[in-house]
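None of the figures in this text is laboratory data; all of them are computed from the coordinates on show. Since the model is a prediction, treat every value here as computed from it, not as a measurement. Counting neighbours? That spans all protein chains shown, and the Cβs are built from the backbone with ideal geometry, glycine included.
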Amino acid sequence: MTAKTESVTSVVPNDEGKEKFKKSDDVAFYRRQIQGPKLTHQVLLDTLVLTEGGARFELLQAVTKARLLLSLSAHKSDFVRILVDEVQPIKPRYRVPDVIVGEQRSEPLRVEEQTEDVVTLSWSSRCYRVRVWRIPFRLEILCDQNVLVTFNYEDKLRFESLQHPPSLSCEPPRCFLQLQEEQTGSWKETFKEFVDVKANGPSSVGADLRLHGFNHAFGLPEHADGLQLRETRGGEPYRLYNLDVFAYDLNSRLGLYGSVPLVLAHKADRTLGVFWLNASETYVHLEYSSTNLQEAPPVKRKRTPPYTDVHWLSESGVVDCTVLLGPGPRQIFKQYAELTGYQALPPLFALGYHQSRWNYRDEADVKAVDAGFDLHQIPYDVIWLDIEHTDGKKYFTWDPDLFPDPVGLQRHLQTKGRKMVVISDPHIKVDPFWSLYDDAKKGEHFIKDREGQVYQGSCWPGESSYLDFSSPRTRAWYSRRFSLKKYKGSTTSLFVWNDMNEPSVFDGPEQTMPKDAVHHGGWEHRDLHNLYGFYQHMATVEGLITRSGGAERPFVLSGSFFAGSQRFGAVWTGDNVATWEYLKISIPMILSLSLAGVAFCGADVGGFVQDPEPELLVRWYQAAALQPFFRGHSAKETKRREPWLFGEEVTAVIRSVIQQRYTLLPFWYTLFHHAHTCGLPPVRPLWVEFPIEESTFTVDDCYMIGGALLACPVTEPGIQEVQVSLPGPEEVWYDIHSRQVYGGGGTLRLPVTLESVPVFQRGGSVVCRSVGSGTCTADFQRLPLEITVALDSQGEAEGELYVDDGHSFCYRDRKAFSLRRFSMQAGCLLCRAASRGGSSHCGTMVQSVTILGVKKQPSSVTVYIPGEEDTPASFEYVESHSVLTVYNLKLRVTVDWEIHIC
């Protein structure tokens, strides 16, 4: 949330008619990179050195004679990392720490072939190699004999060397350096009334890559835009610069709250990824080949393969570019997760419904809302408190009048199995009489300005200082503030929301921190701006883990994020608006986040600002219940919108939607286990599951939940009929409500009511649901399961179920979990262990099994458990829908068993 909640415009013109946020033409380094002269580099092959970690060689810029050092490494997981730095910088350039996880195992490189103009390097991979051309410098990555990627294809490698500050004290007429500075903004740049002084002058870097054979690209969150990245030729590039943008513009490439510099390119037989590890302000241009046909004199037309050109430009740092080689989307997800970390496994309650508002007034208001969910029989798990719960906007405090007994309030919720989340922002109120501020100042935990004084800016408390989360010492200090002894009024059922951590500064340039502010180690804010929220998220998570002695999984939501933030928890899409357009754009925004590894994501249900009409609110609940993070949230100026305030018809629909979400929790939890262990996002664009079907590549209004469910949320008003294209000509699809069966490869027209949203189960899949009702996830954990088996055209299906205690790290530390696999072939459904080493004393029982696509009525159904006698089972067959239901079962989910259908 931002300071400008009274308006729904994301840009506020100043007196000169300029906007609050920059466009690319306002940015000096961007102009220099784009408009500067073409620079050709050549490889000095005699400097090639093979090392244990790869290879390195020098590049010579032909005109300026500047030298760069290029390091190259290839990894067992099939990705290639390209690192370019100055050979002898006047001081080290910023290299992003803490994002790459673990020790990356690089392969020894060997010279396979070398001539005067080219050297080919290979490693243990059977098909991949790298070819380096001397002049002009090109670096090609090949699979067999085919070039997949060319680095520096268009000679756009640019590297501005760090410099010592010049003396500009010459007498009039102004010296050349002063004139040049005014024209280029190299040493000092002005935007509106803000002046940015650059300690070591221009420091930008840029490079281009051509992705051969590709004309579909995705990724680069966060932008309020479609799923497929758009051509930027002649328009604004994609901007990656974390900003607090209230009621952001739609269909825009301007930066929002978080940034993940990852592009995925896909074609029918391969998926590639390009990861640009740079935390400074970054722009990305994409150009697709304009046509597959070009003239070949005199008359014949020659077909050329498509391509995608990706041009990266960053204000500072180094060129650190990793190419993920796939070859398929699943391999890409795993490669990226091995590089930046896997999605954290959330506690089960975090997958339930969250109720939030800016702000619930006091303890009585919280208890009344909590009671309202019980009264209306709507399950929920978490109630949230925004900034007004604090004493004067001082985090880690409680308003003594509004929340006099926060521990009692939390225990009241805890007796029902529910939790509370409170906000904790990075700005600290300037108050010498507040012990936290005093400790932070004495401990030198605040960011400094360029003059070496503690930086101060304006945010919710008024004048504020900002914690320097880039410092490990500050992160450790901040983490300790979450201990129950230090955080008075907190309990183990209290969790955290980090907001305003772009960071948001109401009176700063673009409502954020000046780039010349100084962090730990002397780094300028420009070097690490996009990491700020990442580091607060990290520190908060560590604080909650430490609070529990390392035993309990945390839940932390962050507004700002970067590559690797998936390791810490959840994010959301920020301050959206209660309109149909924002509901519609939330789907590709969530899909883009998921593709970039940030799998635990969602959008504020109903829109953060303005008041949704009842139909819009219902449709938003329906969509959000089918997405990973499920939270209703709204601004304080909006009307109250608890689910029971819009009449019984709306209440009934929302109740049903939320209850359906809870019945699907076993399925969602299993998907998050796969995200945590394999990197597979729970929600996926259709092309991920149907990679050779080109008609799916641009679809972003429906999507897959895992590999089993196809969701088609309704995102337009007054709809009575929807058109759904079911992918896969060989696929079988079952409407989960009507049980009607459809073949893939065609388009359906389905009637819909306010109560319905099309969801299909894919033939060949198994989905587990809870049976019964409850008030929160703790209740649903104790319920039995219904297993739905959807047969494919061969009469087969398979799926998995993951179970653990839902809250601790015992699954990791003591292998206290069970991963069960269900598979059906030749009329026999088997339940078996899917992994070794996992054990759990889970008492969950399977109550019934529903099998879709059974062609004829069986004569008998028998349950077999090893070591026990065969048992006949009760069953019912509905011939009109080819559905067989086996019921009255009492099968322990963690025990091997079989169901035979004869």
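A few points about this structure:
- Extending 7 Å from Cα along the Cβ direction at ASP870 and again at ASP25 yields two label points whose distance is 8.0 nm.
- Estimated inter-spin distance, LYS636 and GLU879, nm [label 7 Å along Cα→Cβ]: 6.6
- Cα-based shape type of region 684-761, given that a ≥ b ≥ c are square roots of the gyration tensor eigenvalues and the cut on a/c is 1.5: prolate
- Placing +1 on the Cβ of every Lys and Arg and -1 on the Cβ of every Asp and Glu, with no other charges, gives the chain a dipole of roughly 1700 debye about its Cα centre.
- Placing a label point 7 Å from the Cα of ARG230 along the Cα-to-Cβ direction, the residues of region 266-286 whose backbone N falls under 18 Å of that point are 283-286.
- Packing order of peptides 86-94, 477-485, 317-325, 766-774, highest average first: 317-325, 766-774, 477-485, 86-94 (average count of other Cβ atoms within 10 Å over each peptide's residues).
- Amide H contacts of VAL319 (H built 1.01 Å from N, under 5 Å, at least 5 apart or other chain): VAL84
- Principal axis dimensions, largest first and in whole angstrom, of region 765-901 by Cα: 47, 34, 30
- Among the GluC sites (Glu not before Pro) found in region 810-901, those both in a DSSP coil and sparsely packed, with 15 or fewer other Cβ atoms within 10 Å of their Cβ, are GLU868, GLU869, GLU879.
- Lys/Arg +1, Asp/Glu -1 at C-beta; the chain dipole; positive extreme among LEU801, SER558, GLY226: LEU801
- R0 of 30 Å, Cβ-Cβ distance ALA364-GLU648: FRET efficiency to nearest 0.05: 0.75
- Using only side-chain charges placed at the Cβ, +1 for Lys and Arg and -1 for Asp and Glu, the dipole size of region 38-168 relative to its Cα centre rounds to 280 debye.
- Between region 706-760 and region 41-66, the Cα center-to-center distance that results, in Å: 56
- Sparsely packed chymotrypsin sites (Phe, Trp or Tyr not before Pro) within region 343-386, loop by DSSP, other Cβ within 10 Å at most 15: none
- The order of the peptides 23-32, 660-669 by mean Cβ neighbours within 10 Å, most packed first, is 660-669, 23-32.
- With respect to the chain, whose longest principal axis is taken over its alpha-carbon atoms, helix 580-595 is tilted by about 80°.
- Rounded to the nearest 20, the size of the Cβ-charge dipole of region 765-901 about its Cα centre is 340 debye, with Lys and Arg at +1 and Asp and Glu at -1.
- Between GLN660 and LEU50, the C-beta separation translates, for a Förster distance of 45 Å, into a calculated FRET efficiency of about 0.20.
- Signed unit charges on C-beta, dipole axis of the chain, positive-most listed residue ASN242, VAL771, ASN278: ASN278
- Between ASP405 and GLN720, full extension at 0.36 nm per residue minus the direct alpha carbon distance yields a gain of 108.5 nm.
- Evaluated over the chain, the Cα radius of gyration and Dmax, each in Å: 28.4, 103
- In order along region 264-269, the phi-based Karplus estimate (6.51 cos²θ - 1.76 cosθ + 1.60, θ = phi - 60°) of 3J(HN,Hα) comes to 10, 10, 9, 9, 4, 10 Hz; Gly and Pro are listed as x.
- Between amide H atoms placed 1.01 Å from N, distances below 5 Å from LEU385 occur with VAL421, VAL422, ILE423, all of them 5 or more places distant or on a separate chain.
- Potential lengthening between LEU750 and CYS828 on full extension [0.36 nm per residue; Cα-Cα distance subtracted]: 24.7 nm
- Amide N of region 305-341 lying under 14 Å from the label point, which is placed 7 angstrom from the Cα of CYS678 along Cα→Cβ: 328-335
- Database remark: amide H of ARG253 closer than 5 angstrom to no amide H (H placed geometrically; neighbours at sequence offset of 5 or more, or on other chains; Pro and chain starts carry no H).
- Neighbour-limited loop hits for GluC sites (Glu not before Pro), region 699-757 (at most 14 other Cβ within 10 Å; DSSP other than H, G, I, E, B): GLU730, GLU755
- Candidates TYR887, GLN163, PRO717 compared by Cα position along the dipole of the chain: farthest toward the positive end lies GLN163, with charges placed on Cβ.
- Net length gained if the chain between ARG480 and CYS810 were fully extended (0.36 nm per residue, minus Cα distance): 116.5 nm
- Here LYS856 is the anchor, and the aspartates and glutamates within straight C-alpha reach of less than 19 Å, apart from those fewer than 8 places off in the same chain, are ASP792, GLU796, GLU876, GLU879.
- For the peptides 412-422, 56-66, 844-854, the ranking by packing is 844-854, 412-422, 56-66, with the highest mean count of neighbouring Cβ atoms within 10 Å listed first.
- The simple spin-label model puts a point 7 Å past each Cα toward its Cβ; for THR415 and ARG95 those points are separated by 5.7 nm.
- A straight Cα-to-Cα reach below 25 Å connects LYS448 with the lysines LYS20, LYS22, LYS91, LYS188, LYS192, LYS198, LYS393, LYS394, LYS429, LYS515, residues fewer than 8 places away in its own chain not being considered.
- Rounded to 10°, Cα long-axis angle of helix 614-624 versus longest principal axis of the chain: 80
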